[in-house]
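These notes are about the structure you will find just below.
Rule-based calculations on the coordinates, nothing more; no lab input. Since the model is a prediction, treat every value here as computed from it, not as a measurement. With ideal geometry, Cβ positions are generated from the backbone for all residues, glycine too; neighbour counts draw on all protein chains shown.
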């Protein structure tokens, strides 16, 4: 038997019918498509990761530019809202940072150091999770700004607090670098943006004190 005859026999064994041949071909096609999809996903993820890193670098640079403030949502604090009957003067009654949240806040401090950013003013909500985030993320003792307090339990306070934040922002010196550590509801009211725990929004200060979101820094 010639070699080519031997190969033809093997092909004949693998393809006893047209249906077998079609099934085998479909199987190869499916595997090829799955492999191609995995490759495309990996390439897209890598590209997005690189773009996110570059975007974060640009946002950190912008954060230190005159005329901007940084709004930070407190680091990870498991749960939703606060326990019934909580008190601002008693951290034990509130929803607080967990170990992951504290580690997250420390990573923010490391990132700021890498970008050589030191805030001149650190303001915080009176909630313990915000104060602890501010301390760990900056190494500074924050100043409590009641306007940054959560109004999750009392939405009627929103207009008054937003107005107070605008007034305070308008009074800031043009070149002062400010960090405001607060809550999701406050950041959303100021910028219209939702934020994850530990996420930061770089906002441009307008002449009337309002804030326009121009960049975000992903939570580390």
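Modelling each spin label as a point 7 Å along the Cα-to-Cβ direction, I'd like the residue 144/residue 102 distance in nm, to one decimal.
So the label points at residue 144 and residue 102 sit 2.2 nm apart.
What does the convex hull of the Cα atoms come to per residue for the stretch 81-151, in Å³?
Per residue, the Cα convex hull of the stretch 81-151 comes to 92 Å³.
Could the peptides 78-85, 109-116, 151-158 be put in order, highest first, of the mean number of other beta-carbon atoms found within 10 Å of their residues?
Taking the mean over residues of other Cβ atoms within 10 Å, the ranking is 109-116, 151-158, 78-85.
Sorted from largest down, give the three principal axis spans of the alpha carbons of the stretch 154-220, whole angstrom values.
33, 31, 16
Provide the packing ranking of 195-201, 70-76, i.e. peptides ordered by the mean count of other C-beta atoms within 10 Å per residue, highest first.
70-76, 195-201
When you count, for each residue, the other Cβ atoms within 10 Å and take the mean per peptide, how do 169-179, 210-220, 130-140 rank with the highest first?
By packing density, highest mean first, the sequence is 130-140, 210-220, 169-179.
Give me the distance in nm between label points sitting 7 Å out from Cα along the Cα-to-Cβ direction at residue 121 and residue 160, one decimal.
Calculated label separation equals 2.2 nm.
On a full-extension model of 0.36 nm per residue, what is the gain between residue 88 and residue 58, subtracting their alpha-carbon distance, rounded to one decimal in nm?
Additional length available on full extension: 7.2 nm.
Counting DSSP beta bridges with both partners in the stretch 65-210, what percentage is antiparallel, nearest 5?
About 35 percent, rounded to the nearest 5.
Using the Cα atoms of the stretch 61-220, I'd like the radius of gyration and the largest Cα-Cα distance, Dmax, both in angstrom.
14.5, 42
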